[in-house]
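A quick write-up on the structure given underneath.
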Amino acid sequence: MELRSGRRALLIYWITILICGTIILYGNIFEMDYLTVRFNKPLLKQGSKENNFTIDTPGCKIPYLDAFDKNIRKYTEKYSKPICDVSSPLVASNLTSIFVLPSSFPLYHIEDLRYLECCYQPFWRIEPEKGEEDTKIEFDNTCYPFIDDIDIQDEFIKVTCKYNSTNIYVDTFSFVPLKNGMKFQADPDRLNVLVLGLDTVSRLNLHRQMPKTVKYLANLGGVELMGYNKVGDNTFPNLIPVLTGLTEDELINNCWPHPNDNFDNCSFVWNLYKEKGHITAYGEDCAWMGLFNYERKGFKKQNTDFNYAVFNRMSEGLIGNSKEVDCNQCIGSRLVYKELLDYMKKFVITMDTNRLPYFGFFWEVTILHEYLNSPQVCDDDYHLLLKTLLEGNHLNNTVLVFMSDHGIRWGDIRETFQGKMEERLPFVFFLFPDWFQRKYSKAYENLKINTKRLTTPFDLYETLVVLVNPNDLLVDYNLKNTNLLDRGISLFKPISDERTCEDAGITDNWCTCTESMDIEINNKVLDAAKSAVDNINFQLKGYTQCAKLTLDTVIDAKLVWNPSVKKNTSLDYSLTLRTLPSQAVFEVTMSNLRNDSFEVIGSISRLNLYGDQSSCITDFHLKLYCYCVSLLG
């Protein structure tokens, strides 16, 4: 009995020694081997679809997220349309003319038409001089009178009305007249490309906020990319790859060495279509902060045949109102985003009526940029636009690309795991004519397969390039990709299921093919956070007008890793932190190097708005970080 007790005690002793040794060893190699243990075990259950992944390939696993998850519903609410300062227009327009509205006479106290005088004054863009901003316009010296209605041959006009010699009304209107050299074409194989963009809308938020538009596209056979991953922080680094196939840094090295330079030396995808004989158009609202104009100089020569931003900039400056945060919501009595939609409709119908092949790129910012729930305002109008164009047979020869650049980048939802993922996963829908699907059936089938692959803006660029010469889609699309950059692959070619974020040109901080786990905010996490703040201060070095930032607190800390990578050589921390004196909230991914130092992966994102905090500098990157010394009091 005593012998058995002794053996039992000895066994317990050695088991204890073994357990302690294991714990010590485990602690020493925690940073490398703990992740290996976790690779095959999903950390967070993100819904109940399939096996809890939206993208599930050997190279990338993006967790399934429910757009209507109960934990997300608290961030959704009713959003009301802006109210324009002017209640009713006195003059309106259609496809080709302007006309007075008698129904509005009582509102303007018009009783005798003999005393009503209206005229229109054309205006147009003029080329800026070297170093000037691309904002210059010129007005016709004459204001041409009209009484009831009149056909307009100009692109942009300003309308002025007087009653009893007193100014009572000012308005602006845009049109799409045919220009010199634009002639009727009867090419049966012509293919148009129409890109409709919504700023700051994730794939899931599109489903939440614009269900009518989504349902309409789905019922028509719209093809939705499920794994479209952004590659940069804000709009510019996510649209430059779509339009040029280059990263922002490559654009700088290639053709745009300084923010004060114009973009004329850069090659954009619309140039390829122009060379092929297509009419080109570019349009954006809230143009003062447009893609090529926010703290940038735009173009010397107009970039496309038609450029709506010229009209938007002037009209918002003249009669813009109901400004919320950055953008005017109205011009006169009309909502800005609806004006852009109306211009898109005019452009498409004019091109289709005259059998002119075209490439149109239109980007809506005004109603979408600041708020998670604001896209719901647009749902009926985008649905109506698509319905009008499709049922009017105006898109029979057109590939429609409906897309965004990224999800909402700030606000309460952005500090959640789902909000972080949504911000990195914008939406892309394609809609093709029936004949296209039949003629290019192999390429179309590849595209549908690629909806369940990791895809990027670089791939979208290669896709737009291929559509310049659509008959190229008749070749064997099983061939290895040989386009401009290996990271960019036409979506009409089969994308390997082995593709990783690194292959696709997505840095770790934007990659959604990762898993994560919450960790304690210990000394090592604090060291990583302080290193991130040091990085910001280093970027601000030389800007004495910006205050030095210090770490206030670490709000959230996670370990992140890619379960598809078999061997991790470093440990990454995803941190959300707040700084003083700005109270700025930043998100950053830090790589823990072997010498216990830290390195920023990609860029540092700001999760709350900076407003006027950085008004003392013009650098569009550093505005996220700068807190003007003048605000310290």
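Descriptive notes on the structure:
- Residues 596, 527, arranged from fewest to most other Cβ atoms within 10 angstrom of their Cβ, appear as 596, 527.
- Pairs exceeding a 32 Å alpha-carbon distance, out of 183/452; 420/548; 136/548: 183/452; 136/548.
- Ranked by how many other Cβ atoms sit within 10 Å of their own Cβ, fewest first, the residues 627, 216 fall in the order 216, 627.
- Think of the chain as having a plus end and a minus end, set by charges on the Cβ of Lys, Arg, Asp and Glu; of 55, 322, 474, 55 sits farthest toward the positive end of this dipole.
- Size of segment 426-530 from its Cα atoms: along the principal axes, largest to smallest, the extents are 61, 25, 21 Å.
- With R₀ fixed at 45 Å, the C-beta to C-beta distance from residue 599 to residue 129 puts the FRET efficiency at about 0.55.
- Dipole magnitude (debye, nearest 20) for segment 515-632, charges at Cβ of Lys, Arg, Asp, Glu: 220 debye
- Most positive-pole-ward Cα, 344, 510, 293, against dipole of the chain from beta carbon charges: 510
- Potential lengthening between residue 267 and residue 475 on full extension [0.36 nm per residue; Cα-Cα distance subtracted]: 72.3 nm
- Cα long-axis angle, helix 235-244 against the chain (0 to 90 degrees, to the nearest 10): 70 degrees
- Helix 308-319 vs. the chain, principal-axis angle (Cα, 0 to 90°, nearest 10): 80 degrees
- Charge dipole of the chain (Cα centre as origin; +1 on each Lys and Arg Cβ, -1 on each Asp and Glu Cβ, all else neutral): 1860 debye, rounded to the nearest 20.
- Summed side-chain charge close to residue 94 - residues other than residue 94 whose Cβ falls under 11 Å, Lys, Arg +1, Asp, Glu -1: -1
- With 0.36 nm allotted per residue and the present C-alpha distance subtracted, the residue 79-residue 140 stretch has 17.9 nm of extension available.
- As computed over segment 91-174, the Cα convex hull volume per residue (Å³): 107 Å³
- Under 11 Å, Cβ to Cβ, from residue 315 - net charge with Lys/Arg +1 and Asp/Glu -1: -1
- Calculated P(r) of segment 260-400 - Cα pairs past 21 Å, %: 47 percent
- A simple spin-label model places the labels of residue 445 and residue 517 4.3 nm from each other, with each point 7 Å out along Cα-to-Cβ.
- Helix-only CD estimate at 222 nm, as mean residue ellipticity for the chain, using -39500 (n - 2.57) per DSSP H run (n ≥ 4): -8500 deg cm²/dmol
- Under conditions of 10 °C and 1.306 mPa s, segment 515-632 yields 106 µm² s⁻¹ as its translational diffusion coefficient, taking Rh as the Kirkwood radius over Cα pairs in the Stokes-Einstein equation.
- In a fully extended conformation the segment linking residue 416 and residue 252 would gain 55.7 nm over its present Cα-Cα distance, using 0.36 nm per residue.
- Sequence-distant aspartates and glutamates (8 or more away, or on other chains) whose Cα lies within less than 14 Å of residue 130: 261, 264
- 10 Å binning of all Cα-Cα separations within the chain, expressed as whole percents from 0 upward: 3, 14, 24, 25, 17, 9, 4, 2, 1, 1, 0, 0, 0
- Cα-projected label distance for residue 70 with residue 207, points at 7 Å along beta-carbon direction, nm: 1.9 nm
- Signed unit charges on C-beta, dipole axis of the chain, positive-most listed residue 618, 362, 373: 373
- Relative to its residue count, segment 128-243 spans a Cα convex hull of 298 Å³ per residue.
- Packing-based exposure ordering (other Cβ within 10 Å, fewest first) of 576, 544: 544, 576
- Once the Cα atoms are used to define both axes, helix 441-450 deviates from the longest principal axis of the chain by about 50 degrees.
- Shown here for segment 70-145: GluC sites (Glu not before Pro) in loop regions (DSSP other than H, G, I, E, B) with at most 16 other Cβ atoms within 10 Å, namely 77, 111, 129, 132, 133.
Readers should treat all values here as calculations from the given coordinates under stated rules, not as data from a laboratory. All values reported here derive from a predicted model rather than from experimental measurement. Neighbour counts are summed over all protein chains in view; Cβ atoms, including those assigned to glycine, are modelled from backbone coordinates with ideal geometry.
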